[in-house]
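Take a look at the structure below.
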Amino acid sequence: AVASGGVVIAGKIVGVAAGAADSGKPVDVKTTGVFDLPKVGADAFTLGADVYWDADDKLATTTTSGNMRLGVAVAAAGAGVATVRVRLTGF
């Protein structure tokens, strides 16, 4: 299941759900654009830094290992900040 605004990953396709959907049901996914996404609290992003998605914790992260690249930070987001502004670019 995915909530509206939730990150969707299908293979190498990444995007943000335009609406809510139950698991296995179709959902419109935006694959381009800029979105404010929840992030790992301790991670800090500089402008232009790569942003990855931790699917287990459902948080944006700077950690590359085991995570899918979402895009780049279009604004700095320091440690302790709850969200990061991301331009989706996939891999």
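The values are calculated or read from the model by the stated rules, or taken from the named source; none is laboratory data. For clarity, every value in this text was computed on a predicted model and none was experimentally measured. Ideal geometry is used to build each Cβ from the backbone, glycine not excepted, and the neighbour counts take in all protein chains shown. For accessibility, only protein heavy atoms count, side chains too; no ligands or nucleic acids. Shrake-Rupley method; radii C 1.70, N 1.55, O 1.52, S 1.80 Å.
Just a few scattered comments:
- Yes/no for Val40 being under 15 Å from Val86 (Cα atoms), out of contact with any helix residue (DSSP H, G or I) (no Cβ under 9 Å at 6 or more places or on another chain), without any contact (Cβ under 8 Å) to a residue 24 or more places away in the chain and open to solvent by less than 60 Å² (accessible area, probe 1.4 Å): yes
- Selection of first residues in segment 62-85 that are more than 26 Å from Lys12 (Cβ to Cβ) and of second residues that are open to solvent by less than 30 Å² (accessible area, probe 1.4 Å), restricted to Cβ pairs under 9 Å at least 6 apart or on distinct chains, gives the following pairs, ordered by first then second residue: Ala76/Phe45; Ala76/Ala49; Ala76/Val84; Gly78/Phe45; Ala79/Asp43; Val81/Lys39; Val81/Phe45; Ala82/Lys39.
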